[in-house]
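The values are calculated or read from the model by the stated rules, or taken from the named source; none is laboratory data. Just so you know, these numbers come straight off a predicted model, no measurement behind them. A quick note on method: Cβ atoms are made from the backbone with ideal geometry, for glycine too, and the neighbour counts reach across all protein chains shown.
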Amino acid sequence: MSRKAKILLIISGLFTLSMGLSNVFVNIFLWKKSSDFIIIAKYNLMHYIFLPFSFLAAGWLSKKKNGVWALRIGVVLFILFFLLILLFRDNVLEYIYPIGILYGIAAGFYWLSFQVLTFDFTSTNNRDTFYGFNGCICGVANAIAPITAAYIIESNKNMMGYSIVFSISLVLFIILTLVSLILRSKGYGDKFEFKRILSKNSDEWNYLRKSIVAWGLRDVVIYFLIVILVYKTTGSEIALGKLTLIASLISSIAYVSEQKLIKPKRRLFSLHLGAVFMFISVLGLIININYATLTAYMILNSLFFPFFMVPVNSAAFNILSRSHNESMRIEYIVNREFALNLGRIISTSILIVLLTFVKNQRILNYFLLFIGCAQLISLYFLRKIKTWQE
């Protein structure tokens, strides 16, 4: 890999470490303040609604300048996010919407730039390798961070631990900003094609976009639900931290294994393996939500998630390379993000409606079954893409 790709891996590791320390516990922090799934869902819904529009703005800026500009803005907005969390700590529920919106905007700028720079700094030959190493680094960061944050939180009384954790994340983002200053990218100087964002484009891309909408139904929605359920079941940040540690270490090993074992001709097999076992991982939760079934879910999902996501991530860029649409990479990435967040918005909105109007104790079990099938629907569309045949 190029020097720029290696710097991008360092940035990704720092970002994951900072978010691993705090992002899990922002949801727990809100839960301890409200004890209400609907509040947490609304907070996350704000992310998904505003994130695509942030991608749009970041895409326009990247075309005007380059992807590094959007990355720096995203990091600065994350710094502002944690400052506001610390400022509004005792009254955070009164500002749940603006805080959720700010997070979505910050994430949009960061992730647009990360994906664009990944495309620019890698090629069809080493993209799987980059994603494999990135998954491994992020897995290690995700293993270290939550358990560290959990010990800090439980070692300090009166919510002071949360303030310390959010402050550490703030410092890490400042360091990340400094690292980003050494990253250079050529100016694109192209016109931002708004029509490409909502147009059908090629048949292959259309299938990919449909698969991404389906995947969005599950994606991070199941993550914030599981985090809250683990804490609700155990009542302990340490228990959540330990489970996250185990899951992240398994995920890290799985990413390396996927990168070593799954060559281009085996990508379709990898997709099937990941999709089927991710569905199996939720079956225990449908029967009963307890510590054992939550642990089984986290282990199985962590083990097989990389086998599904690495080929999917590579496919998006490989389609662009094959169709010689590299100059439109930003528009296609924004297009993909609109599809992903459409799925997230649909899924989270359904959850809010169910929790509001359906008074059934097993409603979360049924909802987990619904989103647990999402990757199988995604797989149906992914099978139609020709890139697996190469």
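Annotations for the structure displayed:
- Ile38 fulfils the conditions (1) among the aliphatic types (A, V, I, L, M); (2) within 27 Å of Val310 (Cα to Cα); (3) modelled with pLDDT of 90 or more except for a single criterion, (2).
- Hey, Glu331 surrounded by 20 or more Cβ atoms within 10 Å (Cβ to Cβ), at pLDDT below 85 and assigned to a helix (DSSP H, G or I) or not: yes
The rows are residues; the columns are (1) farther than 22 Å from Leu355 by Cβ; (2) surrounded by fewer than 22 Cβ atoms within 10 Å (Cβ to Cβ).
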site	(1), (2)
Ile10	yes, yes
Gly13	yes, yes
Ser18	yes, no
Phe37	no, yes
Ala58	yes, no
Leu61	yes, yes
Gly67	yes, no
Ile73	yes, yes
Asp90	yes, yes
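- Candidates Ile175, Ile137, Ile99 - the one that is surrounded by 15 or more Cβ atoms within 10 Å (Cβ to Cβ) and under 21 Å from Leu83 (Cα atoms): Ile99
- Test: Gly139 is within 28 Å of Val26 (Cα to Cα), small (Gly, Ala, Ser) and modelled with pLDDT under 85: yes
- The listed residue being over 30 Å from Asp128 (Cα atoms), surrounded by 14 or more Cβ atoms within 10 Å (Cβ to Cβ), within 21 Å of the chain's Cα centre (by Cα) and not small (Gly, Ala, Ser), out of Leu217, Leu240: Leu240
- Selection within the stretch 284-315 - over 21 Å from the mean Cα position of the chain (by Cα), part of a helix (DSSP H, G or I) and touching a residue at least 24 places away in the same chain (Cβ under 8 Å): Leu285, Ile286, Ile287, Tyr291
- Counted residues, the stretch 341-364 - those being polar (S, T, N, Q), closer than 14 Å to Ile222 by Cα and surrounded by fewer than 17 Cβ atoms within 10 Å (Cβ to Cβ): 1
- The single residue among Leu368, Leu382, Leu320, Leu294 that is crowded, with 17+ Cβ neighbours inside 10 Å and within 24 Å of Ala58 (Cα to Cα) turns out to be Leu320.
- Residue within the stretch 319-328 that is in contact (Cβ under 8 Å) with a residue 40 or more places away in the chain, in a helix (DSSP H, G or I) and closer than 30 Å to Lys42 by Cβ present: no
- When Met1 is tested against (1) over 18 Å from Phe109 (Cβ atoms); (2) part of a helix (DSSP H, G or I); (3) of a type in the set (A, V, I, L, M, F, W, C); (4) in contact (Cβ under 8 Å) with a residue 60 or more places away in the chain, only condition (2) is not met.
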